[in-house]
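To keep things clear, I will list the structure first and then write my remarks on it.
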Amino acid sequence: MCFLPLANAAVAAPRIPLRLLGRGLAAAMSTAEPLKSVDYEVFGRVQGRGPPTYTEGEAKKIGVVGWVKNTSKGTVTGQVQGPEEKVNSMKSWLSKVGSPSSRIDRADFSNEKTISKLEYSNFSIRY
């Protein structure tokens, strides 16, 4: 039976820079993948307490930052930021899935752009 010396095991273990630990979602997203930002407005039966809460939950699950709020004209609006692939996943959810109580007629996306850093540290509901 051969035992790997403890010193060799420490060298072989993957290393995570300590500066990345505990810095949250924004630090985890500072990868080589381009960061995107997009504004959205969702139309249909999408108002109430449910849709923003579900949107916040889905955004956190996917791993994007930004905000959501009900508007006075009966829509839900907001902004999503994060790695391009994750922003695209959120756009798909906003336009096709939504909350269980919603009926999405359409989702409009505007001001889509590449950004150098995130403007938010989490995803929140605005009032």
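Three principal axis extents of the range 58-110 based on alpha-carbon atoms, in descending order, are 30, 19, 19 Å. Straight Cα distances below 13 angstrom link LYS113 to the aspartates and glutamates ASP39, GLU84, with same-chain residues fewer than 8 positions distant left out. Measuring r between the beta carbons of GLU84 and LYS60 and using R0 = 22 Å, the FRET efficiency lands at 0.75. Net length available on complete extension from SER124 to THR53 is 24.7 nm, with 0.36 nm assigned per residue and the Cα-Cα distance removed. In the assembled protein chains, VAL42 presents an accessible area of approximately 10 Å² (probe radius 1.4 Å).
The values are calculated or read from the model by the stated rules, or taken from the named source; none is laboratory data. Since the model is a prediction, treat every value here as computed from it, not as a measurement. No Cβ is skipped: glycine too gets one built from the backbone with ideal geometry, and neighbour counts run over all protein chains shown. To get the accessible areas, we keep the full protein, side chains included, count just its heavy atoms, and leave off ligands, DNA and RNA. Shrake-Rupley method; radii C 1.70, N 1.55, O 1.52, S 1.80 Å.
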